[in-house]
Amino acid sequence: MADAGVVHLRSPLVGTIVTVMAPGASVSPDTVVALVESMKMEYPVLAGHHGIVGSVAVGIGDAVDAGTVLVELHRAAAAAAPPAAAGTPSVAGEPDRLAELKERTRLLGDAARLDAVAKRHGRGLRTARENVADLIDPDSFIEYGRFTYAAQTRRRSLEDLIAKTPGDGLVCGTATVAGTPVAVLSYDAMVLAGTQGQRNHQKKDRLFDLVMRQGLPVVFFTEGGGGRPGDTDNHVVTGLNTEAFHAFASLSGAVRTIGIAAGRCFAGNAALFGCCDVAVAVDGATIGMGGPAMIEGGGLGVVEPEAVGPVAVHQQAGSVDLLARDEAHAVELTKLLLALDTRQPAADDHQRSEALRHVLPTDRRRAYDVRGLLDVVVDPGSLLELRPGFGGAIVTAFGRLAGRPVAVVANNPGVNAGAIDAPAADKAARFLQLADAWGLPVVSFVDTPGFMVGPETEATGLVRHAGRLFVAGAALRVPMVAVVTRRGYGLGAQAMCGGSFTTPLLTVAWPQAELGGMGLEGAVRLGFRAELDAIADPTERATAEGRMIAAAYEQGRALNVAGHLEIDDVIDPDDTRRLVVATLDRAPARLPGVGRRRFVDPF
């Protein structure tokens with residue numbers, strides 16, 4: 001039976017009538033009887049009951065106040081009035097925004113560019129998104145600026161730019177790697193050869209700001225051709241006011257930065273690669289501050305891209321830290337680097353320590369490669385050497401001791417008898433800065449006759465290069481432990497210990513170690529020249545010199561030096577790992593009273 005009740009439907013707020021139903025229409029409770037627009041938003045007025053629209057007090061376009069009666073509704077039983085269509089009336093011609101979003105998202109993926117992907121794979125390289133996906137934890141990527149495109153609408157259609165230049169050639173965002181938050185950037189070589197456009201510079205600026213604010217480590221896949229002159233949408237004369245290079249360089253010493261270069265990496269892309277704390281080059285890459293076009297434009301001849309800066313050249317020059325077989329291997333190495341801020345379960349110390357007694361040659365004059373020693377000292381499989389093809393008289397590497405990540409510097413008697421030349425000093429100085437910035441304690445293995453000497457050596461500017469090693473050691477804020485394994489002579493030995501045997505928290509020697517202010521033979525000949533010159537007979541003079549040198553060796557024996565408190569202890573090599581780990585466990589992560597390191601020297 002019909003209900004004779006009448007309901008007055010009122011406006012919920014001040015506004016203007018957009019739509020209103022005509023008298024006589026049958027409605028259900030969820031029928032929109034009228035729409036009121038206010039501040040560019042539309043508010044539906046629902047029937048709230050089954051019934052029939054009676055008199056209508058307003059028309060389309062009328063202004064109403066809150067509470068104004070709009071429609072008189074005659075209530076009826078539910079069976080008496082078939083329900084009208086519910087919901088807000090659709091606006092004619094309004095696009096399906098969700099469908100548009102899905103289509104734009106599809107165009108970002110590699111599946112939308114199968115021909116370009118095939119070319120990448122044909123060259124043995126991966127796409128930007130493949131590299132990012134391999135690095136990060138699944139479903140952890142928050143992408144920034146993905147829907148932008150190249151600023152070239154004056155020369156190309158918007159549809160073409162959306163389809164052909166997704167992200168303006170840069171995939172970037174934040175993610176996690178093994179649960180650790182990171183920022184990831186990857187130039188897309190399938191978009192305008194991975195060049196740096198106006199908008200991908202803006203994306204970098206945005207992400208670098210977020211990195212600094214959140215303290216995120218950065219992984220940067222830098223492949224690409226450098227600056228892009230073809231953007232047209234913003235008037236640019238030089239582009240030298242671009243902020244990305246300053247912003248990225250400002251991250252040095254503040255967060256960890258890892259660069260990966262595969263394929264062709266030129267100009268601005270190479271500049272960013274060179275700013276990274278650790279530079280990982282993929283075998284076959286070519287890296288240069290100018291590509292073939294710039295070389296030819298400068299009147300320097302025609303050069304093939306792969307001849308500009310092959311990896312072998314950069315290894316020898318020291319501008320590449322790690323060499324990867326391919327991009328998958330580069331990602332593996334990067335994960336190892338990112339994991340250096342976490343401690344892992346301890347390895348079996350007993351088996352590792354037992355081998356240390358036998359790691360050195362029995363002949364004190366026999367050369368050897370220190371890598372064999374380091375492989376035994378650190379946890380199995382944890383040694384990750386940086387710049388192995390440069391400055392060979394010192395080995396620099398990351399590793400783990402009982403699961404604790406450490407930075408290792410070691411003289412290598414297999415090169416220059418372990419004497420420190422300019423490249424080795426540069427390599428070690430820069431590595432100390434890196435260890436300090438990354439918060440890794442330093443373990444130094446000393447076996448050196450000192451700094452390299454001679455006219456040819458001085459022509460390399462060794463005085464300044466040696467100074468870099470001393471200055472870097474003095475600025476360390478992380479703990480250091482030093483172990484003199486065989487020879488610790490002169491300024492070189494001091495430099496390997498941060499500038500003094502008292503700089504490390506613990507300075508110890510193995511029993512066979514010899515120490516002195518300089519090479520003992522030279523010290524005798526220099527210090528006792530007058531006495532030796534006074535002996536006329538050559539045979540007698542040689543015998544006297546031999547006695548003096550033997551006495552000097554006895555004086556410089558590790559136990560004698562320890563007896564004079566110039567080192568802290570002489571230890572059984574078997575105890576090395578235990579003592580180093582125990583010392584580091586008792587030390588603060590940062591030593592008090594040392595100023596903040598401002599940046600990591602790029603070289």
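From the set of residues in the stretch 61-78 that are closer than 15 Å to Leu35 by Cα and part of a loop (DSSP other than H, G, I, E, B), which is most open to solvent (accessible area, probe 1.4 Å)? Restricting to residues being closer than 15 Å to Leu35 by Cα and part of a loop (DSSP other than H, G, I, E, B), the top hit is Asp65. Tallying residues that are open to solvent by less than 20 Å² (accessible area, probe 1.4 Å) and among the basic types (Lys, Arg) within the stretch 121-136 yields 0.
For (1) part of a loop (DSSP other than H, G, I, E, B); (2) out of contact with any strand residue (DSSP E or B) (no Cβ under 6 Å at 6 or more places or on another chain); (3) under 15 Å from Arg75 (Cα atoms); (4) not hydroxyl-bearing (Ser, Thr, Tyr), each residue gets a yes or a no:
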| residue | (1), (2), (3), (4) |
| --- | --- |
| His8 | no, no, yes, yes |
| Val18 | no, no, no, yes |
| Pro29 | yes, yes, yes, yes |
| Pro44 | no, no, no, yes |
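For the stretch 296-312, filtering for residues that are surrounded by fewer than 18 Cβ atoms within 10 Å (Cβ to Cβ) and assigned to a helix (DSSP H, G or I) leaves 6. Taken over the stretch 268-290, the criterion of being assigned to a loop (DSSP other than H, G, I, E, B) and either open to solvent by 10 Å² or more (accessible area, probe 1.4 Å) or closer than 20 Å to Phe398 by Cβ (or both) is satisfied by Cys275, Cys276, Asp277, Asp283, Gly284, Met289, Gly290.
When Leu207 is tested against (1) free of Cβ contacts under 8 Å to residues at least 60 places away in the same chain; (2) in a helix (DSSP H, G or I), only condition (1) is not met. Tell me, yes or no, whether the stretch 413-425 has at least one residue that is under 26 Å from Ala589 (Cβ atoms) and open to solvent by 10 Å² or more (accessible area, probe 1.4 Å). Among the residues of the stretch 413-425, not one is under 26 Å from Ala589 (Cβ atoms) and open to solvent by 10 Å² or more (accessible area, probe 1.4 Å), which makes the answer no. Against the numbered list (1) more than 23 Å from Val600 (Cα to Cα); (2) buried (at least 21 other Cβ atoms within 10 Å of the Cβ); (3) of a type outside the set (A, V, I, L, M), Thr502 comes up short only at (2). How many residues are of a type in the set (Ser, Thr, Tyr) and in a strand (DSSP E or B) when one looks only at the stretch 479-500? Adding up the residues that qualify gives 2. Hey, can you tell me all the residues within the stretch 257-267 that are buried (at least 22 other Cβ atoms within 10 Å of the Cβ) and either touching a helix residue (DSSP H, G or I) at 6+ places or on another chain (Cβ under 6 Å) or not in a loop (DSSP other than H, G, I, E, B) (or both)? Scanning the stretch 257-267 gives Thr257, Ile258, Gly259, Ile260, Ala261, Ala262, Arg264, Cys265, Phe266.
Please work out if Ala247 is touching a helix residue (DSSP H, G or I) at 6+ places or on another chain (Cβ under 6 Å), at pLDDT 90 or above, aliphatic (A, V, I, L, M) and closer than 30 Å to Leu476 by Cα. Let's see the steps before the verdict.
Working: touching a helix residue (DSSP H, G or I) at 6+ places or on another chain (Cβ under 6 Å): yes; at pLDDT 90 or above: yes; aliphatic (A, V, I, L, M): yes; closer than 30 Å to Leu476 by Cα: yes.
Judged against the criteria, Ala247 is a match.
Looking across the stretch 436-455 at every residue that is among the β-branched types (Val, Ile, Thr) and surrounded by 21 or more Cβ atoms within 10 Å (Cβ to Cβ), the one that is farthest from Ala407 (Cα to Cα) is identified as Thr448. Is it the case that some residue within the stretch 147-163 is buried (at least 22 other Cβ atoms within 10 Å of the Cβ), part of a strand (DSSP E or B) and in contact with a Lys or Arg (Cβ under 8 Å, 6 or more places away or on another chain)? No, because not a single residue in the stretch 147-163 is buried (at least 22 other Cβ atoms within 10 Å of the Cβ), part of a strand (DSSP E or B) and in contact with a Lys or Arg (Cβ under 8 Å, 6 or more places away or on another chain). If the Cβ limit is 6 Å and pairs must be 6+ apart or interchain, which residue in the stretch 580-597 that is more than 15 Å from Ala435 (Cβ to Cβ) and modelled with pLDDT of 95 or more pairs with which residue that is open to solvent by 60 Å² or more (accessible area, probe 1.4 Å) and assigned to a loop (DSSP other than H, G, I, E, B)? Sorted first by the residue in the stretch 580-597, then by its partner, the pairs are Thr583/Leu505. Within the stretch 194-210, the set of residues being surrounded by 23 or more Cβ atoms within 10 Å (Cβ to Cβ) and out of contact with any Gly (no Cβ under 9 Å at 6 or more places or on another chain) comprises Lys204, Phe208.
In summary, Glu243 fulfils each of the numbered conditions (1) touching an Asp or Glu at 6+ places or on another chain (Cβ under 8 Å); (2) open to solvent by less than 60 Å² (accessible area, probe 1.4 Å); (3) not aromatic (Phe, Trp, Tyr) with the single exception of condition (2).
One residue alone among Leu434, Leu440 is of a type outside the set (Ser, Thr, Tyr), in a loop (DSSP other than H, G, I, E, B) and modelled with pLDDT of 95 or more, and that residue is Leu440.
This table checks each residue for (1) basic (Lys, Arg); (2) surrounded by fewer than 21 Cβ atoms within 10 Å (Cβ to Cβ).
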position: Arg357; (1), (2): yes, yes
position: Pro361; (1), (2): no, yes
position: Arg366; (1), (2): yes, yes
position: Asp379; (1), (2): no, no
position: Arg387; (1), (2): yes, no
position: Val395; (1), (2): no, no
position: Ala410; (1), (2): no, no
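The values are calculated or read from the model by the stated rules, or taken from the named source; none is laboratory data. Since the model is a prediction, treat every value here as computed from it, not as a measurement. Please note: Cβ atoms are built from the backbone with ideal geometry, for glycine as well, and neighbour counts cover all protein chains shown. For the accessible areas, the whole protein counts, side chains as well, though only heavy atoms, and no ligand, DNA or RNA atoms are used. Shrake-Rupley method; radii C 1.70, N 1.55, O 1.52, S 1.80 Å.
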